[in-house]
Amino acid sequence: MTTDVVSGTPLDEEVGAMVPVEGSANDHQPTAPATEAPSTPDGDSQGMWRAVVGIVLVAAVIAAGGIVVERRFGGDNTVARIQDDFDMTAPETGLGELDWANVAGEFASDDGLASVSKPNPVGPRTLAVVDVGNTNATISVTAGQLANGWGVVFRYAGPVDFWYLQAAPAYAVFSVNRVADGEVQPVGATSLVELRDGMRVDIVLRGDRITISTGGREIFRREDDHAYGARRAGLLATSDAVEEGTWDRFDAVPASDMPTPAGVIIRRPLPSAPATDAVPESVGEAEEPPSAVEG
C-alpha cells in the first residue's frame, strides 16, 4: 500500500456545469388608441437598464475581490480567469480569496503576501492547491521573496501524483520534478536564469506539453502526460522557503480550445530521459523521499 507522499487525502476533481435558467415572458397588455409614446422609458426598458447596471456592478465587485470572469458566447467557449493577489484572507483557510485547500501543512496570507504558516509535519513539502478550471491552462506565479525551495505545484491529481518546480538559487535554475505513485522523480532543470525576488514564472500546460518561461523567455519544455486531466495547481515550499519564501500573486487562465478530458492519466515510470540535466541531489531536498513514504 502506498503511503501518502504529503500526508493528505486525495481530493476528487470537481467538474463544473452550466445550468440554464428559464425566463418568463411578459403578459400582453392592451394599449390605448394610438397616442404619442411617453418620453420616459417604459417598465421593460427600466428593468433592462437596471439589469445592465446590476451586471456591471457585480462584475466590478468580483474583480475587486480577486476573481475575474470573462465570458464568450457560443457553445462551451467560456473562459474563466482566476487570480489572487493575497490582499484579502478567506476565514476558512486564512489564505487569499480563492477556494484554496491546504493539503500538506498550511499557507496563510498577510499584507499581500502568502507564506507558510504551518510546515508539513511529516514531509519536506508544504502545499496549497486550487482548482484552475482546466488541466490545460497557463499558470503564472509571482514571487515575493524567492528563497531556496520556493516552488509551484501543478497538475495536482492527489497527494501521490503531481508535478512541481522549485527554485535552486545556488545553481541559477528551477528544478522540475514529478511525483508518481508517491515516488519523487527528478525530470530535469531549467536553463540558467537569474532567480530574484519579484520574478514571475509562467507554466503553460497544453496536452502532454509542459512549457516554463520567465520574462518572456522559454527556459524548459517537456512532453509528458503524467497527471494529465488534473486541474489543481498552487503553492509549494521546501527547504529554506518554508521559513523565508513568500508568494505575491497567483494567476491561472484555462485554455478555451482544449477542455479537460474525463479521468486522469497516471504514469508510473519516467517515460524517457530528462529533457535537461538534473539538479544535483543536494539542492532543495528535491530528490529526497518524504519521510511519510515507507518501503
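Every number in this text was worked out from the coordinates using simple rules, so none of it is lab data. As the structure is a computational prediction, the values presented were derived from the model and not from experiment. For neighbour counting, all protein chains shown are included, and Cβ atoms are generated from backbone atoms with ideal geometry for every residue, glycine included.
For the stretch 137-180, the calculated P(r) over all alpha carbon pairs, in 5 Å bins from 0 to the bin holding the longest distance, is 5, 21, 26, 24, 16, 7, 0 percent.
Highest-first packing order for the peptide set 179-188, 100-109 is 100-109, 179-188, based on the mean count of other beta carbon atoms within 10 Å.
For the stretch 86-202, what percent of Cα pairs sit more than 18 Å apart? Cα-Cα pairs in the stretch 86-202 separated by more than 18 Å: 54 percent. The slack in the chain from Arg209 to Arg267, taken as 0.36 nm per residue of separation less the alpha-carbon distance, amounts to 19.4 nm. The charge dipole of the stretch 168-235, taken about its Cα centre with unit charges on the Cβ atoms of Lys, Arg (+1), Asp and Glu (-1) only, comes to about 240 debye. Counted by Cβ distance under 13 Å from Arg267, the other residues give a net charge of -3, where Lys and Arg count +1 and Asp and Glu count -1.
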